[in-house]
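Please treat every number below as a calculation from the coordinates, not as lab data. Only a predicted model underlies this, so the values are computations on that prediction, with no experimental measurement involved. In this analysis, Cβ positions are derived from the backbone assuming ideal geometry, glycine residues included, and neighbour counts consider all displayed protein chains.
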Amino acid sequence: MPHPTLRRLLATRELGLSLLGPSDAVPSAALDTPVSWAHGSDLADPSPFLVPGQLLLTTGTQFSAEATDSDYDGYVARVAGAGIGGLGFGVGVVRETPPGLLDACTRAGLPLLEVPYRTPFIAIARAVADLIAEQAYARNTWALAALRAVSLAALRPDGLSATLAELARQLDRWVALVDASGSLEIAHPARALSADARVSVESEARRMLSAGRRAASTVAEAGTVVSLQTIGASGRLLGVLAHGGTGDVDQAAQQVVTSVVALAGPALERGHELDSARDAMRSALLRSLDTSAALLVELGDGRPGTRSKARPGGRRAAPSDSAADDDDEGTQAAAAIERVRRRVAADVSSSAVGTFPVAPSAVAASADSSATEAAESGEPGEGGARTTKDGTHAVARDDTGGAAQASALLAPLRAHDRNGALAESLRVWLEHNGIFDAAAREMGVHRHTLTARIRTAEQLLDCDFDSFADRVRMWEALRRTT
């Protein structure tokens with residue numbers, strides 16, 4: 001975290017400090033060097049007790065009246081070598097500021113401040129402490145505001161990208177996300193990374209990902225300090241968050257970055273689960289299309305391209321001159337199904353399939369309902385088909401195997417849950433997308449009661465309800481057994 005500077009202390013009127021020597025004798029950057037603390041010492045060699053960035057205060061008792069330029073040069077060389085940010089001389093306690101000391105500081109480029117008699121050294125130390133606390137409070141306030149901003153961004157539909165964009169704005173640095181394969185996926189601002197910086201970021205990210213452990217790293221690229229931090233747990237890294245710019249990142253900013261890393265982990269995990277769900281849905285759709293194409297033949301009279309017509313009473317009519325029309329219809333339907341099947345199979349990233357708004361379990365439920373209605377409304381036909389009242393055909397699907405599997409899956413819960421409270425609580429909670437408050441209100445129980453029931457069900461079923469896949473699996477099992 002940035003500390004107060006000599007320039008800030010000189011501007012504090014209560015201290016009455018003044019810079020000695022020509023204004024151009026000390027580099028301007030030296031006055032902007034952070035001051036970590038103010039320390040008083042009259043030792044001839046205080047360097048062993050100094051740390052870089054300190055303001056050293058002295059009354060000059062270590063200098064005799066016969067001190068030479070060489071004595072002053074030696075003293076300044078020792079304290080400057082310890083890395084102090086400046087030297088403060090308290091006048092009127094023992095003597096005025098020695099001209100030889102001023103000349104030595106000017107030659108070394110070390111700022112020399114005159115401290116008036118009325119200003120005790122403890123007041124300077126207290127002023128430094130107050131300024132440090134003031135800046136710490138300001139940075140903490142900024143961090144809270146920044147965390148609120150990135151949290152609100154995470155609620156947007158494009159949550160992850162919006163969060164990274166907000167982080168870049170708050171840090172005033174570019175922010176990039178590298179995926180699990182080591183390729184740059186998102187960058188904000190879009191053109192902030194040069195080609196060389198991108199290569200450097202991806203190379204370092206791949207090295208970190210290949211190690212398989214949570215880690216942080218810093219690299220320098222063309223005057224830019226780039227910080228990288230892995231996302232995810234050791235053994236299951238999901239990517240790397242990188243940000244770069246001039247200067248270092250202080251503790252407050254790092255807290256915001258760490259919070260974004262924590263937000264990015266579940267978002268990327270959900271992305272992987274959604275990809276798996278899309279693949280499963282795509283496979284199911286392909287199987288359904290293949291089955292539909294087969295039914296065009298199965299529902300005919302055994303000859304490709306023809307189909308029998310149902311007479312009233314469920315009897316079949318012999319093929320007639322309209323068979324050619326039926327052949328055209330069947331051929332067109334089969335061709336249409338084949339075109340759709342090829343499109344789904346080829347378009348592995350189809351947003352039409354990948355962003356289907358209905359859950360797979362809901363699609364399955366709709367299919368079950370349609371098949372049952374078709375089976376119950378018609379009469380037995382050939383090959384497991386039933387003829388409906390309007391003369392069309394439907395296939396009744398035997399789902400006893402799926403129900404048996406669902407019952408076996410829920411058996412540990414049923415054995416423990418004699419009155420059905422756990423199963424009903426789990427069903428209502430899943431239907432409310434895992435929102436405890438809404439589910440508890442519907443059931444008329446306290447939120448803590450519902451939470452305890454869900455955790456018990458989670459243990460009995462040996463699953464993780466933070467996982468999208470486990471939630472869908474248990475919802476489907478409950479649907480099939482109720």
In what sequence, highest mean first, do 405-417, 237-249, 59-71 appear when ranked by Cβ atoms within 10 angstrom?
237-249, 405-417, 59-71
Considering the convex hull of the alpha carbon atoms of segment 156-249, report its projected area averaged over all viewing directions, in nm², one decimal.
5.8
Using alpha-carbon positions, the gyration tensor of segment 403-482 gives root eigenvalues a ≥ b ≥ c; with a/c under 1.5 called rounded, otherwise prolate if a/b exceeds b/c, else oblate, the class is prolate
Cα gyration tensor category, rounded, prolate or oblate, for segment 6-132 with a/c compared to 1.5:
rounded
Hand me the trypsin sites (Lys or Arg not before Pro) from segment 7-42 located in a DSSP loop with no more than 16 other Cβ atoms within 10 Å, in residue order please.
ARG13
